[in-house]
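Taking it in order: structure first as structure tokens, then the write-up.
The values are calculated or read from the model by the stated rules, or taken from the named source; none is laboratory data. Computed from a prediction, not measured in an experiment: that's the story for all the values here. Reconstructed Cβ throughout: ideal geometry from the backbone, glycine too, with neighbour counts over all protein chains shown. In case anyone asks, the SASA skips ligands and DNA or RNA and just uses the protein heavy atoms, side chains included. Shrake-Rupley method; radii C 1.70, N 1.55, O 1.52, S 1.80 Å.
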Amino acid sequence: MIRIAVAGAPLSTPSPGGSLAGVKHCAKLGIPAMEVEFVQGVRMKDELAKEVGAEAKRLDISLSVHGPYFINLCGDDELKMKNTHRHILSSAQAAHYLHASPVVFHPGFYQGREKKECERRAKKELEAILERMASAGFDDVVLGAELTGKKSAYGDVDEIIELARHFGLGKLQPVIDFGHYHARVGRIRTKEDYEKILDKFEGALGPDFKKSFHCHYSEIQYTEAGEGKHMPIGSLEEAKKSGADLNAPKGAGGPPHLPLLQVLHERKYQGTVVCESPAMEKDVLTMWKALQKTDKN
Ligand SMILES: [Zn+2]
């Protein structure tokens, strides 16, 4: 079974908000999962993480974590690398107490380096980070290397598959971001387009890939360089209505959410789709209701 997650506390969470109130509000809204957003840095104390984790368990809300944006596993600046380690480790520590998994992160930037060189560096750093997680007792948490949305960012389809193959899905899983795919790799239009993408991951990583699936989804804006901002569900329909050229290199809208849900249902995927729409709970519930309807048929 797939759950649909909201990316952060829902917009309608009573003030002052925060993750604890967010989890409670998810339960009220009927949202079954939440990605805890540490994108600007991890500032959650262990005590609070334990409290949020216990509440999520009680209310049956699945949790995952999104690590800080300031991560780059491919660079050679010593201080920045130290910070990269710290960002991933502190995310893993919070995730451990939250009972959350995976910790999603954007792997890095090429900055003019060869793809192979970036891969070598990322593997070396992740090796060290995973060792430190294990010795701290946080190895119940899986790292999630996200498919990045800009062509300048390390973390394309082959690169995140290779990281998962190298470390094993129990330690590091690939996190497909279908919005990023749509913007960076090629436009997703149909169920067959989704099937082809998933075939590639299943073929490379085996049946376990379907058992602990974690992905990001939203409609998106795109240019030749890749992703722009995330868009609410319905943007593709609007673009069609306004007569926009859907094959232009620059535009907004799509990929469609219904064929994704259909394929995941048909192939019996287990895990979470994080809906990263700016409309937050509105679009999360649209997807969650659509998925439940698919399940009944
Ligand atoms: Zn992300």
(message) Cβ-Cβ under 7 Å, sequence separation 6+ or interchain: first residue in the stretch 115-127 and farther than 10 Å from Leu163 by Cα, partner part of a helix (DSSP H, G or I) and among the aliphatic types (A, V, I, L, M). Which pairs?
(response) Glu125/Met81
(request) Only residues that are hydroxyl-bearing (Ser, Thr, Tyr) and more than 10 Å from Val42 (Cα to Cα): list them for the stretch 82-103, please. (result) Thr84, Tyr97, Ser101
(message) Checking the structure you have, find out if any residue of the stretch 74-87 is at pLDDT 95 or above and within 16 Å of the ligand (Cβ to nearest atom).
(response) yes
(request) State the number of residues belonging to the stretch 266-281 that are over 17 Å from Gly179 (Cβ atoms) and either buried (at least 18 other Cβ atoms within 10 Å of the Cβ) or modelled with pLDDT under 95 (or both). (result) 3
(message) For the stretch 283-297: of the residues being of a type outside the set (Phe, Trp, Tyr) and under 19 Å from the mean Cα position of the chain (by Cα), which is most open to solvent (accessible area, probe 1.4 Å)?
(response) Thr286
(message) Given the options Gln93, Gln111, name the one that is assigned to a loop (DSSP other than H, G, I, E, B) and either more than 16 Å from the ligand (Cβ to nearest atom) or open to solvent by 10 Å² or more (accessible area, probe 1.4 Å) (or both).
(response) Gln111
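Out of the stretch 103-135, which residues are acidic (Asp, Glu) and under 19 Å from Asp76 (Cβ atoms)?
Glu114, Glu117, Glu119, Glu125, Glu127, listed by residue number.
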(request) Quick one: count up the residues across the stretch 235-273 that are farther than 23 Å from Val175 by Cα and either without any contact (Cβ under 8 Å) to a residue 12 or more places away in the chain or β-branched (Val, Ile, Thr) (or both). (result) 6
(request) Scan the stretch 160-177 and report the pairs whose first residue is open to solvent by 30 Å² or more (accessible area, probe 1.4 Å) and whose second residue is more than 16 Å from the ligand (Cβ to nearest atom) and among the aromatic types (Phe, Trp, Tyr), with Cβ atoms within less than 8 Å and a gap of 6+ or a chain change. (result) Leu169/Phe209
(request) Residues being farther than 18 Å from Met1 by Cα and either in contact with a His (Cβ under 7 Å, 6 or more places away or on another chain) or open to solvent by 50 Å² or more (accessible area, probe 1.4 Å) (or both): count how many of those fall in the stretch 205-218. (result) 1
(message) Cβ contacts < 6 Å: first residue within 16 Å of the ligand (Cβ to nearest atom), restricted to the stretch 26-53; second residue of a type outside the set (A, V, I, L, M) and open to solvent by 70 Å² or more (accessible area, probe 1.4 Å), any location; separation 6+ or different chain. Result?
(response) Val39/Tyr69
(request) Tell me, yes or no, whether the stretch 141-156 has at least one residue that is open to solvent by 40 Å² or more (accessible area, probe 1.4 Å) and in a helix (DSSP H, G or I). (result) no
(request) Name, by its number, the condition in (1) assigned to a helix (DSSP H, G or I); (2) buried (at least 22 other Cβ atoms within 10 Å of the Cβ) that does not hold for Ala100. (result) (1)
(message) Checking the condition within 15 Å of the ligand (Cβ to nearest atom) and either under 20 Å from Ile88 (Cβ atoms) or among the charged types (D, E, K, R) (or both), which residue from Arg184, Arg165 passes?
(response) Arg184
(message) Among the residues in the stretch 60-80, are any over 22 Å from Thr148 (Cα atoms) and part of a helix (DSSP H, G or I)?
(response) yes
(request) Kindly indicate whether Lys116 is out of contact with any Lys or Arg (no Cβ under 9 Å at 6 or more places or on another chain) and not β-branched (Val, Ile, Thr). (result) yes
(request) Can you give me the number of residues within the stretch 34-59 that are part of a strand (DSSP E or B) and in contact with a helix residue (DSSP H, G or I) (Cβ under 6 Å, 6 or more places away or on another chain)? (result) 2
